[in-house]
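Down below is the structure, laid out as structure tokens.
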Amino acid sequence: MTVMNIRTGGSVAADLRLAADLLERDGWAQGTYQSDDGQRCVMGALLDVAGDINFSVHKSIFKQVAGKYPLSYNDSPGRTAEQVITALRAAADKAENL
């Protein structure tokens, strides 16, 4: 079964992958949803691609993979962009198998 985003009509897995792509393309940030130069935190990227209608599904799947909800994972001291992007891609893989 594919978990769908009711706002965009796309799959949650696709949303999670698009969020990872945004972070790779525009840069990653901590402590802000989006910086003045376009860098985003994981929440900013997810909100941009998924909106907030079905966002709880995205957060829950992310937590199952990363052990924390996206915002606290993103803003943990010592966290890196690579770790956040990897967690988003792992969450996308998990969403495909639900």
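Rule-based calculations on the coordinates, nothing more; no lab input. Since the structure is predicted, the reported quantities are computational estimates derived from the model, not experimental observations. Here the Cβ positions follow ideal geometry from the backbone for every residue, glycine too, while neighbour counts run over all protein chains shown.
Of the trypsin sites (Lys or Arg not before Pro) found in segment 27-65, not one falls in a DSSP loop while having at most 14 other beta-carbon atoms within 10 Å.
Computed over neighbours whose Cβ is under 15 Å from that of SER76, the net charge equals +1, Lys and Arg +1, Asp and Glu -1. Other residues within the sphere of radius under 10 Å centred on the Cβ of TRP28, judged by their own Cβ, net out at -1 (K and R +1, D and E -1). Magnitude of the charge dipole for the chain, about its Cα centre and with charges confined to Cβ atoms of Lys, Arg (+1) and Asp, Glu (-1), is about 360 debye. Normalised size of the chain, defined as Cα radius of gyration per 2.2 N^0.38 Å with N residues, equals 0.96.
Quick check on the exposure proxy: order ASP26, ASP15, ASP37, ASP93 from fewest to most C-beta atoms within 10 angstrom. It would help to have the intermediate numbers written out before the result.
Details: ASP26 17, ASP15 30, ASP37 8, ASP93 14.
Ascending number of Cβ neighbours within 10 Å: ASP37, ASP93, ASP26, ASP15.
Note on the chain: helix-only mean residue ellipticity at 222 nm, from DSSP H runs of 4+ residues weighted -39500 (n - 2.57) and normalised by residue number, equals -18000 deg cm²/dmol.
By other beta-carbon atoms within 10 Å, ranking LEU16, LEU98, LEU71 with the fewest at the front produces LEU98, LEU71, LEU16.
Neighbour counting of Cβ atoms within 10 Å sorts the residues SER56, SER72, SER35, fewest neighbours leading, into SER56, SER72, SER35.
Local charge for ILE61 was computed over the other residues whose Cβ lies under 15 Å away, with Lys and Arg +1 and Asp and Glu -1, and equals +3.
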